[in-house]
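Colleague: Below is a structure I'd like to ask you about.
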Amino acid sequence: MAQTEVKALNPIKAPSVQNRVSEEEIDETVRVARESPGYAIGIPGGPEGEAFEKTFIEMMGCTDAVSVNSGSSALELAANLTGLGPGDEVILPAHTFVATAVPFARTGAKMIWADIDPDTRVVSADSIRSLVTDRTRAIIAVHLYGLPAEMDDIVEIARGCDIRVVEDCAQAPGAEYRGRRIGTIGDFGCFSFHAAKNITTLGEGGMLAVRDAEHGTQARRMRWMGNWVFEMKREKDWVPAGGNLVEPAPGRWPGNYCLAEALAAVGRKALGRLDAINEQRRHQAQRFMGGLSEFPELSFQHVPDHCRHVYHLMSARYDGEAFGCHRDALMTLMREKYNVQAIVQYWPLYRSELFRKFGFTEANVPETDRFFDNMISFPWWSDMSDELLDDMAERTRDALTELRG
Ligand SMILES: Cc1ncc(COP(=O)(O)O)c(C=O)c1O
């Protein structure tokens, strides 16, 4: 690409909403605003929230699902329902978004950092296995960037032990592992419908999928400060009081994790588009990665045959040693010359100030470090046109060719 053309390049930059809500979904917010008997969910749940949960259960194939106001809230509920506390250990990847870890760290349990697989770049079952002790009470499998972790092996590690398996599905709604939707294989599946996700409930939202029906009941009790129905028969609805207050799960305080009714209505409609959105993202990925197949120094996530990736993000590793180049040289070229606003993520948690301050600095995760120190995450969202993808691939090819010298 000639220098004069380079100056004219339009920026390629991800929007903060990676997948806008549809007109039909917008209509739902108006309908609920006009017709809802109560905009909030109430006890045990409002009609829109219940309809969202029912559609989710049917689509994913889980025992029960509880709508919540964020993916972090779903993880918070899972951490509480797992019954964790000081003295317990939780095994989770160091390479993930911070929200995977904070709800578990808050319980007082110890964070034990697992490594990623160098090819798939999601948490490695071998690494998890090597970290299990008699204090391990939970394993968090994160389906990072949209690719399922090796769930059969992870569930097998927990089998027969008092260990819960939590799936962080925030980046992978609708992804499949051996024909099963992720989030239905472990004990808990935690989904996010934040604005940056493959589908959004207009900015914030989430879902907790559970395998054990009792966990569904406990999560609903926990969702709105322990407000619950009276089990006993009451003659007068004000005796002894308008509503009951219960302990949601043994020794656990409740919180407010409720998703507003209008957002639940958006979510139910959005689920109808999820598979098509994911299919389009797979198409985008094939197109973009296909345009870079002549450059093995830039490698993408390996996708095992039994996994269906939903390409929430487009991450790659640049191994430029043969050309005397490091990832930062590629990032600089991409940003400053080719105007592609790629980023680097996710800061290995044990290296972050937050987790260092709380003392979780110990980790032996060489693949995490190697990936993070050499990774590049391309601008990525739903409905990228073929033209744009070809353009981004061409700019990347030009940068890589330049670095080859
Ligand atoms: C891997 C992962 N886990 C958890 C979350 C938390 O979701 P939320 O932002 O809805 O709280 C996110 C995204 O934000 C995420 O990417």
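The values are calculated or read from the model by the stated rules, or taken from the named source; none is laboratory data. None of the values given here were measured: they were computed from a predicted structure. Positions of Cβ are generated from backbone atoms using ideal geometry, with glycine treated the same way; all protein chains shown enter the neighbour counts. Areas reflect the complete protein model, heavy atoms only, side chains present, ligands, DNA and RNA absent. Shrake-Rupley method; radii C 1.70, N 1.55, O 1.52, S 1.80 Å.
Colleague: Quick one: in segment 61-70, of everything that is of a type outside the set (Ser, Thr, Tyr) and within 12 Å of the ligand (Cβ to nearest atom), which residue is surrounded by the most Cβ atoms within 10 Å (Cβ to Cβ)?
Modeller: VAL68
Colleague: Of all residues in segment 184-196, count the ones that are crowded, with 24+ Cβ neighbours inside 10 Å, in a loop (DSSP other than H, G, I, E, B) and within 13 Å of the ligand (Cβ to nearest atom). If you could, list the steps in order and put the result at the bottom.
Modeller: Within segment 184-196, the subset crowded, with 24+ Cβ neighbours inside 10 Å is 186, 188-193.
From what is left, the residues that are in a loop (DSSP other than H, G, I, E, B) are 186, 193.
Cutting the leftovers down to within 13 Å of the ligand (Cβ to nearest atom) gives us 193.
Qualifying residue count, segment 184-196: 1.
Colleague: Looking at (1) closer than 23 Å to GLU48 by Cα; (2) touching a His at 6+ places or on another chain (Cβ under 8 Å); (3) among the charged types (D, E, K, R), which is the only condition ASP187 fails?
Modeller: Here ASP187 meets the rest and fails (1).
Residue by residue, here is whether (1) within 20 Å of ALA172 (Cβ to Cβ); (2) within 11 Å of the ligand (Cβ to nearest atom); (3) part of a loop (DSSP other than H, G, I, E, B) holds:
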{"site": "SER72", "(1), (2), (3)": "yes, yes, no"}
{"site": "LEU77", "(1), (2), (3)": "yes, no, no"}
{"site": "GLY85", "(1), (2), (3)": "no, no, yes"}
{"site": "HIS95", "(1), (2), (3)": "yes, yes, yes"}
{"site": "PHE104", "(1), (2), (3)": "yes, no, no"}
{"site": "GLY108", "(1), (2), (3)": "no, no, yes"}
{"site": "ILE112", "(1), (2), (3)": "no, no, no"}
{"site": "PRO118", "(1), (2), (3)": "yes, no, yes"}
{"site": "ARG121", "(1), (2), (3)": "yes, no, yes"}
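Colleague: Taking into account only those residues within segment 123-145 that are open to solvent by 10 Å² or more (accessible area, probe 1.4 Å) and among the β-branched types (Val, Ile, Thr), which is farthest from the ligand (Cβ to nearest atom)?
Modeller: Applying the filter and picking the extreme gives THR133.
Colleague: When segment 146-160 is examined, which residues are found to be at pLDDT 95 or above, over 11 Å from CYS307 (Cα atoms) and either open to solvent by 40 Å² or more (accessible area, probe 1.4 Å) or assigned to a loop (DSSP other than H, G, I, E, B) (or both)?
Modeller: ASP152, ASP153, GLU156, ARG159
Colleague: Mind listing whichever residues of segment 213-234 are surrounded by fewer than 15 Cβ atoms within 10 Å (Cβ to Cβ) and either at pLDDT 95 or above or within 14 Å of CYS258 (Cα to Cα) (or both)?
Modeller: Hits for segment 213-234 are ALA213, GLU214.
Colleague: For segment 242-263, give me each residue that is of a type in the set (Asp, Glu) and either open to solvent by 30 Å² or more (accessible area, probe 1.4 Å) or assigned to a loop (DSSP other than H, G, I, E, B) (or both).
Modeller: Scanning segment 242-263 gives a single hit, GLU247.
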